[in-house]
Each structure stands twice: as structure tokens, then as C-alpha cells.
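J.: First, the structure itself, so that you have it in front of you.
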Amino acid sequence: MAMATAPSDTHAPARWQDFLQLLKPRVMSLVVFTGATGLVAADHPINPILAVVAILCIAVGAGASGALNMWYDADIDAKMRRTRGRPVPAGRVQGPDAAGLGVVLSLFSVMLMGMALNWLAAGLLAFTIVFYAVVYTMWLKRSTAQNIVIGGLAGALPPVIGWAAATGTAPLNAWLLCAIIFMWTPPHFWALSLYTTEDYARVGVPMMPVVRGAASTRRQILAYTAILVPLGIAPAFTGLGGLAYLAVSGLGGLMFLLLAVRLYRSHAGESPDPRTTDGLYDVKAGAKDARNLFAFSILYVTLLFATLLVEHVAGLPALHLL
Amino acid sequence: MSDPARESETEAKARRGRNIALALGLFLFVVLIFVVTIVRLRENAIPAF
């Protein structure tokens, strides 16, 4: 892998931290967390060293996807406020170096997963990387408003990969965890995009608020939330979650639904009224409701998976309500 | 006038940092493969190890 620097007369030289930033450490941490939950929730004996290797492979695979995404999206990243400081658009790392890092780490993570754990987990990891880098980044993101709905599958698969790494199988309970993240992704991202619409519109990315408008987006957020809440509670009925999980998913789901209803009734994502917004720091109409849902969505999914993790580590009994 | 072919101090420092990170990564990779091999051998090839 070449690690060339950008021309020194125009840009700062690439530091190792820039290559680390290509791996999207924050996204990686969420993927590690959900992957570890899948691995632990499988309740299957596994050598602790191999468990750590499995999590490492999932983390590196996610990082590789991130590097490939930053390489391909450098043109639009350069035009958006949120992403223009990334290593490739900022000129600190050259595109081919980011792509090379992504390809090498993809091969490394998949091969190690296959050799150290099993080839089902490796296959699922390879599918996830290709799905995110090719299907989502290169195809869906710039062509359809359903980009994050379908592309969300890549972010939803780590619990299945973790489960498969531990057991060599992918049963329905593993796919239930996948379904929870899959249905959580649209309300999470669309809440964010409701108050970052201008950036996406400027670069021509067909995010839902840009294509269908804010009102339709708020309606769809509510619809996805209505499906997500019962799905979130479902593990308590399938022998996966215990009493604590039932309480957390029930209360969390109610709160999620309440915030989605408030967002639906707000004007989030609509053009600000010049009579009411006159200052630099004024919050746009309804943006607070979108921010609240976005922030709570992160807390919700974290609490759900953390509760499952704690219950299984502590050996607490699961409910079998069905 | 400075020589454009010569590396500046900032560039040299960045390159040194990248080289150290790469060396550490390769070393950890070797250790990882060794440890995984031993673990898999204990599980499969030599159960009484």
C-alpha cells in the first residue's frame, strides 16, 4: 500500500491520523458495539481470543468500507460543510491511497474472519463491505431517495456477523437484531437530513427531504417508527431479551414514538420564515424536534443493545412470552 | 531559497509517523496470526495440548 503525501506546496502532508480518520472511527465504534452484542447474545461458547478477533475483523471491515466511501465520495464531500475537512477532499490523503487502504483492509478482514472463525461470518462480512461500498456508495446514494433505506442493510448486518462468528449459523433471532437496526436507520438519518437539507441539495444527493419534501419525510419517519417500536420489543418475545430488555424497549419505544409524533406535527425541514428568523444563531422552525429525535434515536439503539449485552453477560434469564 | 526537492521538517515528521504506524500495524498483524494459529491448533489439531 502506498502512503504518498499530497503535494507539499498546497496541502499539509498526510499523517497517520489522517489514515485512521478514513476508517470513520465513530461509525466503527457503533458497528463494533452491535457486532459484539450479536456475538454475546448467541450464547455459544467461544474462545475469548477468537471473539476479540471476530470483533476486530468486523471493525476493520467497517473501517475499510469507510475508506472506500471517502475515496469515492471525495467530490461531493468537498462541497458539504460537514465533510469538507475529511482527509481526501482536504487534500491530505490522495484518492488512490484511500482506495488502496480500503481494498487491503477489506481483504485482510474477510480472510482473517474466514480462517480464524468461519466462512459464513466471512461471507456476511464480505457482503456487507461490498454492499456499503458498491451498492450504497457508488449506486444508491446518488440515484434514489431510498438510498439510506436500502443501504441501511450494511449497517444492520454486524449483529448477524457477530452471531455467525460465534455459532457458524444465522438464526431468526440474529436477523431480528438486524431488522431493528434496519428499521431504525430511516428515522435516524432523515431526522438529521431534515436540518442539513441545504448541504445535500447543493451536491445533488437525493436525500428524502430534497426529493419528496419535508412533510413527506416527517410522515415516513413516523411510519418507520411505528414499525420499529414493536420490532424493538420483539426480542422479549423470542427468547432473546429479558425483563430489563422488555422495560427498556417498551419505555424507549414509547419515547421514540412520542418524539416522532412531535416531529410529524412540526415544520422541521421547511424553509425558515424570514419574519421569525433574523439571527445567526436562531434555530429554524421545527429543527429542534428533528434534533431531539436524532439525538434520542442514538440513545435508543444504544440502550437496546447495551441491555441485551448486559443481560447475556450477566446470564439473566430471557423471557419467552410467545 | 529553499530546495523544493528537500523534505521540510513537517513532511519528514509526518512520514516518520506514518512509517512507525505501518511498522506497528505489520507487527501486530504477525502477532495476531501467530496467536490465532495457536488457538486454532489447540482447538482442532492437538486437543490434549
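J.: Full extension from residue A:46 to residue A:115: what is 0.36 nm times the residue separation minus their Cα-Cα distance, to one decimal in nm? Could you put the intermediate results ahead of the total?
T.: Working: separation 69, 0.36 × 69 = 24.84 nm, distance 1.50 nm.
Using 0.36 nm per residue and subtracting the Cα-Cα distance, I get 23.3 nm.
J.: Where the only charges are on Cβ atoms (+1 Lys, Arg; -1 Asp, Glu), what is the dipole of the range A:18-170 about its Cα centre, to the nearest 20 debye? Walk me through the intermediate numbers first.
T.: On the way: 10 positive and 6 negative charges, 113 e Å.
For the range A:18-170, the charge dipole is close to 540 debye.
J.: Taking only DSSP H segments of four or more residues, each worth -39500 (n - 2.57), what value at 222 nm results for chain A once the sum is divided by all its residues, to the nearest 500 deg cm²/dmol? Before the final figure, lay out each step's value.
T.: Numbers: 14 runs with 210 residues, N = 322.
So the calculated ellipticity at 222 nm is -21500 deg cm²/dmol.
J.: Under a Cβ-Cβ cut-off of 13 Å, what is the net charge of the residues other than residue A:155 that fall near it, where Lys and Arg count +1 and Asp and Glu count -1?
T.: Numbers: positive: A:24, A:26; negative: none.
Charge balance in the 13 Å sphere: +2.
J.: Here is a further query. Would you mind computing Rg(Cα) / (2.2 N^0.38 Å) for the protein assembly as shown, counting N as its residues? All intermediate terms of the calculation are to be shown ahead of the outcome.
T.: Working: Rg = 22.7 Å, N = 371, 2.2 N^0.38 = 20.8 Å.
With N residues counted in the protein assembly as shown, Rg over 2.2 N^0.38 Å equals 1.09.
J.: Note down the net charge around residue A:62, summing +1 for each Lys or Arg and -1 for each Asp or Glu among other residues with Cβ under 14 Å from its Cβ.
T.: Numbers: positive: A:24, A:26; negative: none.
Charge balance near residue A:62 sits at +2.
J.: Something else about it: Take A:311, A:198 and order them by how many other Cβ atoms sit within 10 Å, fewest up front. List each step's numbers first, then the result.
T.: Working: A:311 22, A:198 11.
Ascending number of Cβ neighbours within 10 Å: A:198, A:311.
J.: By count of other Cβ within 10 Å, fewest leading, how are A:119, A:163 ordered? Please report the intermediate quantities before stating the final value.
T.: Numbers: A:119 14, A:163 30.
The fewest-first ordering by Cβ neighbours comes to A:119, A:163.
J.: Lysine pairs in the protein assembly as shown with Cα distance under 27 Å, only those 8 or more apart or on different chains: how many are there?
T.: Lysine pairs meeting both conditions in the protein assembly as shown amount to 9.
J.: Further question: Taking other Cβ within 10 Å of each residue's Cβ, how do A:313, A:88 sort, fewest first? Walk me through the numbers on the way to the answer.
T.: Numbers: A:313 10, A:88 27.
With the fewest neighbours first, A:313, A:88 line up as A:313, A:88.
J.: For labels at residue B:43 and residue A:319 in the simple 7 Å Cα→Cβ model, what's the distance in nm?
T.: 3.4
J.: Quick check: pseudo-label points 7 Å beyond the Cα along Cα→Cβ at residue B:7 and residue A:306, how many nm apart are they?
T.: 4.4
J.: With a sphere of radius 14 Å drawn around the Cβ of residue B:22, what net charge do the other residues whose Cβ falls strictly inside it have (Lys, Arg +1; Asp, Glu -1)? Please list the in-between numbers first.
T.: On the way: positive: A:15, B:15, B:16, B:18; negative: A:18, A:97.
That works out to +2.
Read-outs: derived from the displayed coordinates by stated rules, not from any lab. Everything numeric here is computed off the predicted structure, so don't read it as measured data. Positions of Cβ are backbone-derived with ideal geometry, glycine not excepted, and every protein chain shown enters the neighbour counts.
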